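Right, one structure below, let's go through it.
Read-outs throughout are calculated quantities, based only on the coordinates presented, and are distinct from any laboratory measurement. Keep in mind that what you see is a predicted model, and the values were worked out from it rather than measured. We place every Cβ from the backbone using ideal geometry, glycine too, and count neighbours over all the protein chains shown.
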Amino acid sequence: MKSETILEQAALHCESRGRKLTAKRRQVLAGLVKSQKALSAYDLADYCRDKLGTSLLPTSVYRILEFLESLGLVHRLNTANKYVACAHVTCDGANEIPQFLICQSCGSVKEIGITKSFVQGLSQAVEKVGFHLANNQLELECLCADCVVQQGGVQ
Ligand SMILES: [Zn+2]
Ligand SMILES: [Zn+2]
C-alpha cells in the first residue's frame with residue numbers, strides 16, 4: 001500500500017471514530033509509515049526532522065503515538081518500547097490478533113495476524129501452570145528473509 005493511501009485511510013478511520021488526524025498527527029504517522037521500521041518516540045522525532053522537515057518534541061511525538069495507538073493505527077512493541085505503523089492501516093475490529101516478528105539481526109519488523117483460537121490455546125497452556133497471559137501480543141525473535149540469506153541459512 002502506498003503511504004499516501006495509508007494516510008488517507010487513516011484520516012477516514014479517525015473521522016469514523018469522531019477524531020481528527022491533525023497535521024501533526026499525520027506527520028508522525030507518515031514518518032512511521034515511511035521509515036518502515038520500529039522506532040521510539042526519539043527516533044521518530046529525529047526521522048521527522050531529518051526526512052520530513054518537521055520539528056516536533058519527542059514528548060509531543062509520544063503523545064501523538066499514544067493517540068494513534070488508541071485508534072489501532074500504530075502498535076507498540078513492548079519488549080523494545082518502539083512503535084510500528086499497523087500493516088493494515090488499522091487492526092481495529094479484525095478477527096485476528098496482531099503479532100510481531102522482529103529480526104534479531106537488522107531489527108526489521110513484520111506484523112502478522114494470528115487467529116484468536118491459537119492465542120486462546122496458548123493462553124490455556126499458560127493457565128495450566130498457574131500463570132496468566134498478561135498480554136496477547138506476541139513479539140517473536142526471528143531472522144528476516146534478507147538476513148537468513150546473508151547468514152547462509154539457518155543452522
Ligand atoms: Zn495492525
Ligand atoms: Zn533482518
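Given charges of +1 on the Cβ of Lys and Arg and -1 on the Cβ of Asp and Glu, with all other atoms neutral, how large is the dipole of the chain about its Cα centre, in debye to the nearest 20? Before the final figure, lay out each step's value.
Working: 17 positive and 15 negative charges, 91 e Å.
Approximately 440 debye in magnitude.
How big, in percent, is the set of alpha carbon pairs in segment 3-85 lying more than 16 Å apart? Write out the running numbers ahead of the final one.
On the way: 1479 of 3403 pairs.
Every Cα pair in segment 3-85 considered, those over 16 Å come to 43 percent.
Between the DSSP loop rule and a limit of at most 13 other Cβ atoms within 10 Å, which chymotrypsin sites (Phe, Trp or Tyr not before Pro) in segment 99-155 are left? List each step's numbers first, then the result.
Values: sites: 100, 118, 131; in loops: 131.
Here the sparse-neighbourhood loop sites are 131.
Sort 22, 54 so the one with the fewest other Cβ atoms within 10 Å of its own Cβ comes first. Display every interim value, and only then the final one.
Working: 22 13, 54 18.
Lowest to highest Cβ neighbour count: 22, 54.
Using Cα centres only, tell me the gap between segment 72-110 and segment 3-56 in whole Å.
15
Please arrange 52, 21, 57 by how many other C-beta atoms lie within 10 Å of their C-beta, fewest to most. Before the final figure, lay out the partial values.
Values: 52 14, 21 21, 57 10.
So the ranking, lowest neighbour count to highest, is 57, 52, 21.
Under 10 Å, Cα contacts only: if you run a Gaussian network model on the chain, which one of 66, 15, 111 comes out with the highest mean-square fluctuation?
Answer for the Gaussian network model of the chain: 15.
Residue 82: which lysines have alpha carbons under 26 Å from its alpha carbon, excluding same-chain residues fewer than 8 sequence positions away?
2, 20, 24, 34, 37, 51, 110, 116
If I fit a long axis through the Cα atoms of helix 23-35 and take the longest principal axis of the Cα atoms of the chain, what angle between them do I get, 0 to 90°, rounded to 10?
50
Which net charge results for the neighbourhood of residue 42, defined as the other residues with beta-carbon distances under 14 angstrom from its beta-carbon, given Lys and Arg at +1 and Asp and Glu at -1?
Numbers: positive: 37, 49, 63, 82; negative: 43, 46, 50.
Value of the local net charge: +1.
Need one number for segment 96-150: average projected area of the convex hull over its C-alpha atoms, nm². Spell out each step's value before the answer.
Values: hull surface 17.1 nm².
Hull-based average projected area comes out at 4.3 nm².
Would you compute the Debye intensity of the chain from its alpha-carbon atoms alone, equal scatterers and no solvent, and pass along log10 I(q)/I(0) at q = 0.10 Å⁻¹ to two decimals?
-0.41
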